[in-house]
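The values are calculated or read from the model by the stated rules, or taken from the named source; none is laboratory data. Worth saying up front: this structure is predicted, and the values here are computed from it rather than measured. As a convention, Cβ positions derive from the backbone with ideal geometry for all residues, glycine included, and neighbour counts pool all protein chains shown. Note: accessible area is taken over every heavy atom of the protein model, side chains too, but ligands, DNA and RNA are not part of it. Shrake-Rupley method; radii C 1.70, N 1.55, O 1.52, S 1.80 Å.
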Amino acid sequence: MVSDVHTVNAEHWRNAAFLTVKRCAHVLGVSAAAVYKLRKEGVLEFRRVAGRSQVTVDSVVALVESAEPWEAAQRGGRGRGTQQAKESEVWG
């Protein structure tokens, strides 16, 4: 039941025209500083609404939809293989 509440809240932001920087950071799972960095890089679009900086929902949706699928990195594979070889030498 709790997951249903999170799903509703997670989708609710898509119905707004703008998000505060704080809410945008929450939706993206990043810091407010990262939101400003994404703006500087041209990834997110800001508007001034009633004297406050707001992030356009369209730019947040575009970022979310363009995100690449996550895959585990293969880093450390060689190290783990070396460690396993050492352990099998010791323990047989």
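For the stretch 11-29, a residue qualifies if it is open to solvent by 60 Å² or more (accessible area, probe 1.4 Å) and closer than 16 Å to A67 by Cα, and exactly one does: G29.
Do you know which residues across the stretch 25-56 are assigned to a strand (DSSP E or B) and either free of Cβ contacts under 8 Å to residues at least 12 places away in the same chain or under 16 Å from the mean Cα position of the chain (by Cα) (or both)?
Residues of the stretch 25-56 that are assigned to a strand (DSSP E or B), as a first pass: 46-49, 52-56.
Of everything in the stretch 25-56, those that are assigned to a strand (DSSP E or B) and either free of Cβ contacts under 8 Å to residues at least 12 places away in the same chain or under 16 Å from the mean Cα position of the chain (by Cα) (or both) turn out to be F46, R48, V55.
Out of (1) of a type in the set (A, V, I, L, M, F, W, C); (2) open to solvent by 40 Å² or more (accessible area, probe 1.4 Å); (3) in contact with a helix residue (DSSP H, G or I) (Cβ under 8 Å, 6 or more places away or on another chain), the odd one out for L44 is which? Tallying (1) of a type in the set (A, V, I, L, M, F, W, C); (2) open to solvent by 40 Å² or more (accessible area, probe 1.4 Å); (3) in contact with a helix residue (DSSP H, G or I) (Cβ under 8 Å, 6 or more places away or on another chain), L44 fails exactly one: (2).
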